[in-house]
Amino acid sequence: MRRALFLAALLAPLPALAHPGHGLETGFAAGFSHPLLGLDHLLAMVTVGLLGGLLGGAARYVLPGAFLGAMAAGAGLAMAGIAIPGVEAGILASLIVLGALAALALRLPLAVLAGIAAFFGLLHGVAHGAELAGGAAALGFLLATAALHAAGVALGSLRAARWAGAATAAAGVLLAVI
């Protein structure tokens, strides 16, 4: 656990790298690395899978699928030049909400949880799509996100999974105030 916290502290300055204003990126490698470069994106995507893994059953597939589908739609909106207000605040809220849901292992109706995952996926997609150009980049960030979701699902079976959710929520609060 201490190693994970140390790694998170080292990565804390990185959220700004995964947001608009840093130049348009092209190609599969740029797209694939994009979700990995911002602590906020990385934690949210792993936590979607973590929540699905904690809840088990169809949630393991539905929550990541809802996030991915909406993220693709959000990226499409951004690539088409359509702006959505409050993206940065929504991304930070995704850490707090998804982390709290995982920490508490709340068993809300799957449709509600899928709606929450889709809403936050849309916001993350807009943030990514604003910086990425082309289908290869979009494919890269979708595949990286799916891999992060899969890692989260696998972590959902660990005893410390709820603590990981709490840590994500705390990171969201910390990133919101710094």
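The values are calculated or read from the model by the stated rules, or taken from the named source; none is laboratory data. Not measured: the values here are computed from a predicted model. Methodologically, a virtual Cβ is constructed for each residue, glycine included, from the backbone with ideal geometry; neighbour enumeration extends over all protein chains shown.
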Problem set entry | Matching residues, the range 64-79, being hydrophobic (A, V, I, L, M, F, W, C), free of Cβ contacts under 8 Å to residues at least 60 places away in the same chain and either within 17 Å of ILE91 (Cβ to Cβ) or not in a helix (DSSP H, G or I) (or both) | ALA66, ALA70, ALA73, LEU77, ALA78
Exercise. What residue, of ALA117, ALA111, ALA103, ALA93, is closer than 22 Å to ARG159 by Cα and modelled with pLDDT of 95 or more?
Worked result: ALA103
Problem set entry | Residue that is modelled with the highest pLDDT, among those in the range 128-163 that are closer than 19 Å to LEU50 by Cα and charged (D, E, K, R) | ARG162
Exercise. Out of the range 53-69, which residues are buried (at least 21 other Cβ atoms within 10 Å of the Cβ) and under 23 Å from GLY129 (Cα atoms)?
Worked result: LEU63, PRO64, ALA66, PHE67, LEU68
Problem set entry | Inter-residue pairs, beta-carbon under 9 Å, first closer than 22 Å to GLY56 by Cβ and free of Cβ contacts under 8 Å to residues at least 40 places away in the same chain and in the range 87-116, second among the hydroxyl-bearing types (Ser, Thr, Tyr) and part of a helix (DSSP H, G or I), 6+ apart | ILE116/SER94
Exercise. Which ones in the range 32-91 are among the β-branched types (Val, Ile, Thr), within 13 Å of the chain's Cα centre (by Cα) and within 15 Å of VAL126 (Cβ to Cβ)?
Worked result: VAL87, ILE91
Exercise. In this structure, is ILE82 without any contact (Cβ under 8 Å) to a residue 24 or more places away in the chain, among the β-branched types (Val, Ile, Thr) and surrounded by fewer than 22 Cβ atoms within 10 Å (Cβ to Cβ)?
Worked result: yes
For this session: State whether the residues of the range 70-78 include one that is crowded, with 19+ Cβ neighbours inside 10 Å, more than 24 Å from PHE32 (Cβ to Cβ) and not polar (S, T, N, Q).
Result: no
